[in-house]
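This report concerns only the one structure given below.
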Amino acid sequence: MCSFQKALDEEISLTGKDILSQLLTNAGIASENQVPMCQDTGVAVVFLELGQDACISGGNIYDAVNEGVRKGYTEGYLRKSIVSHPLERKNTGDNTPAVIHTTIVPGDSLKITVAPKGGGSENMSGIKMLKPSEGVDGVKKFVLDTVRAAGPNPCPPIVLGIGIGGTFEKAALLAKEALLRPLGQPSNLPDIAELEKEMLELVNSIGIGPQGLGGKTTALAVHIKVHPCHIASLPVAVNINCHSARHKEAVL
């Protein structure tokens, strides 16, 4: 909520201020009553960081994750948004299966991060395989083009996760992982932290504003994550998150 308050204090558009005030009130109600900030409770995207010395017994860990999602969405009366076949469009009725990403890490613990991802913002995301010669200017242009094309659709103010490098699929995963960082926390790489700051200023200069009705608060934060890539490639992915930037973690 502190990000909404900061945006409200800095917004110059009266309409934008009114919208941000409503979002701030909505966030307070959601927190107090333990209800969703938005009716789109999204795809359950789950990140597992499994310690290499940990032992999972008693069943399949992915089955356990999906059972947790099933219980959470059913018992919590959250909207079920998953269809079992992308073309046949029949709802699974319990928001499973989750999208699960697993990383093997040192140690003997299991870290679980759940990030419900709404469909409206996910639909406005994009990926592009740039030529290396396009460099940082090409990255900036693609990000700004993606935000402009998104307009009001992802319910701004948005949070931008940007993945640079790797391969086609790695860049997309980097972008989504970047959204897990605490809101506004800069990259630990000085040059990337500076790029995040610059990109936030550029995105907010577009003027889309809160809910697309104008203003200087188009984005609350820009988070960038990078990875080594092929000499012939410069993959860039932009994963847009709406103002309901939701994620929670637990360590077992």
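No lab work stands behind these numbers, since they all come straight from the coordinates. Small disclaimer: the values here were computed from a predicted structure and weren't measured. Cβ sites come from the backbone with ideal geometry, for glycine too, and all protein chains shown count toward neighbours.
Here are the numbers for this structure:
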{"quantity": "Which listed residue is crowded, with 19+ Cβ neighbours inside 10 Å and not in a loop (DSSP other than H, G, I, E, B), from ALA64, ALA115", "calculated": "ALA115"}
{"quantity": "Residue match in the stretch 195-213 (condition: surrounded by fewer than 23 Cβ atoms within 10 Å (Cβ to Cβ), assigned to a helix (DSSP H, G or I), of a type in the set (Asp, Glu) and over 18 Å from the mean Cα position of the chain (by Cα))", "calculated": "yes"}
{"quantity": "The stretch 229-252, subset more than 21 Å from the chain's Cα centre (by Cα) and not in a strand (DSSP E or B), residue nearest to LEU50 (Cα to Cα)", "calculated": "LEU252"}
{"quantity": "All positions within the stretch 118-148 that are crowded, with 18+ Cβ neighbours inside 10 Å and acidic (Asp, Glu)", "calculated": "GLU122"}
{"quantity": "The lone exception for ILE224 - which of (1) under 21 Å from ILE158 (Cβ atoms); (2) free of Cβ contacts under 8 Å to residues at least 40 places away in the same chain it fails", "calculated": "(2)"}
{"quantity": "Of residues in the stretch 2-21 being surrounded by fewer than 17 Cβ atoms within 10 Å (Cβ to Cβ) and more than 22 Å from the chain's Cα centre (by Cα), the one farthest from GLY76 (Cα to Cα)", "calculated": "ILE12"}
{"quantity": "Check on GLY184, surrounded by fewer than 18 Cβ atoms within 10 Å (Cβ to Cβ) and on the phi > 0 side of the Ramachandran plot", "calculated": "yes"}
{"quantity": "Search result, residues across the stretch 170-194 that are in contact (Cβ under 8 Å) with a residue 60 or more places away in the chain and either of a type outside the set (Asp, Glu) or within 13 Å of LYS140 (Cβ to Cβ) (or both)", "calculated": "LYS170, ALA171, ALA172, LEU173, LEU174, ALA175, LYS176, ALA178, LEU179, LEU180, LEU183, GLY184"}
{"quantity": "When residues of the stretch 152-169 are limited to those that are in contact with a Gly (Cβ under 7 Å, 6 or more places away or on another chain) and surrounded by fewer than 17 Cβ atoms within 10 Å (Cβ to Cβ), the one farthest from GLU122 (Cα to Cα)", "calculated": "PRO152"}
{"quantity": "Criterion (touching a helix residue (DSSP H, G or I) at 6+ places or on another chain (Cβ under 7 Å) and charged (D, E, K, R)) met by exactly one of GLU67, GLU11, GLU88, GLU32", "calculated": "GLU11"}
{"quantity": "From the options LYS128, LYS197, LYS141, LYS90, residue that is of a type in the set (D, E, K, R) and touching a residue at least 60 places away in the same chain (Cβ under 8 Å)", "calculated": "LYS128"}
{"quantity": "Extreme residue, nearest to LYS80 (Cα to Cα), among residues of the stretch 100-112 that are surrounded by 13 or more Cβ atoms within 10 Å (Cβ to Cβ) and hydrophobic (A, V, I, L, M, F, W, C)", "calculated": "ILE100"}
{"quantity": "Members of the stretch 36-61 that are out of contact with any strand residue (DSSP E or B) (no Cβ under 6 Å at 6 or more places or on another chain) and surrounded by fewer than 14 Cβ atoms within 10 Å (Cβ to Cβ)", "calculated": "GLN39, ASP53, CYS55, ILE56, SER57, GLY58, GLY59, ASN60"}
{"quantity": "Members of the stretch 93-112 found to be free of Cβ contacts under 8 Å to residues at least 60 places away in the same chain, at negative phi and not in a strand (DSSP E or B), listed by number", "calculated": "ASP94, THR96, PRO97, ALA98, PRO106, ASP108"}
{"quantity": "Residue match in the stretch 114-131 (condition: at positive phi and more than 13 Å from the chain's Cα centre (by Cα))", "calculated": "no"}
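Conditions (1) aliphatic (A, V, I, L, M); (2) within 29 Å of THR218 (Cα to Cα), marked per residue:
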residue	(1), (2)
PRO86	no, no
ASN91	no, no
ASN95	no, no
ASP108	no, no
ILE112	yes, no
ASN123	no, yes
LYS131	no, yes
LYS141	no, yes
VAL147	yes, yes
